[in-house]
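Student: Below you'll find the structure I mean.
Nothing in this text is a laboratory measurement; each read-out follows from the coordinates by a stated rule. Bear in mind the structure is a predicted one, so any value in this text is a computation, not a measurement. Here the Cβ is made from the backbone with ideal geometry for all residues, glycine too, and neighbour counts use every protein chain on show.
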Amino acid sequence: MTTLPPGKSGYAGVMLAAADGSGDGGMTGHRLTIGFQGRTPNSSGGASATPTLPAKGVYYDSSLTVTYWQQNMEDTLNW
């Protein structure tokens with residue numbers, strides 16, 4: 001589990017599509033909303049985040065996955 005003090009940043013990588021084309025149902029998304037869980041299962045971790053995506057959107061498919069949250073960006077890139 002990664003715990004951050006108030007005001008600090010956390011990082012996670014998002015793999016949007018299978019590089020080998022094995023994902024199904026590919027489409028282009030124009031909005032991403034990230035919800036946060038609190039300290040206990042099914043509890044709220046506060047307001048969600050909506051990062052800015054490229055104007056043309058991003059392609060994703062059924063293989064979409066997210067890495068574990070990390071305290072620094074370099075560790076996120078290693079997952």
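Student: When the helix-only estimate is applied to the chain (DSSP H runs of n ≥ 4, each -39,500 (n - 2.57), divided by the residue count), what is the mean residue ellipticity at 222 nm, nearest 500 deg cm²/dmol?
Tutor: Numbers: 1 runs with 5 residues, N = 79.
Only helices count here, giving -1000 deg cm²/dmol.
Student: Principal axes first, then extents: for the Cα atoms of the chain, list largest minus smallest coordinate on each axis, whole Å, largest first.
Tutor: So the three principal-axis extents are 38, 26, 26 Å.
Student: Work from the charge dipole of the chain (Cβ charges, +1 for Lys and Arg, -1 for Asp and Glu, about the Cα centre) and give the residue of Gly46, Leu64, Asn78 farthest towards its positive end.
Tutor: Of the candidates, Gly46 comes out farthest on the positive side.
Student: Continuing with the same structure: How do Met27, Met15 line up, fewest other C-beta atoms within 10 Å first?
Tutor: Values: Met27 9, Met15 14.
Exposure proxy ranking, most exposed first: Met27, Met15.
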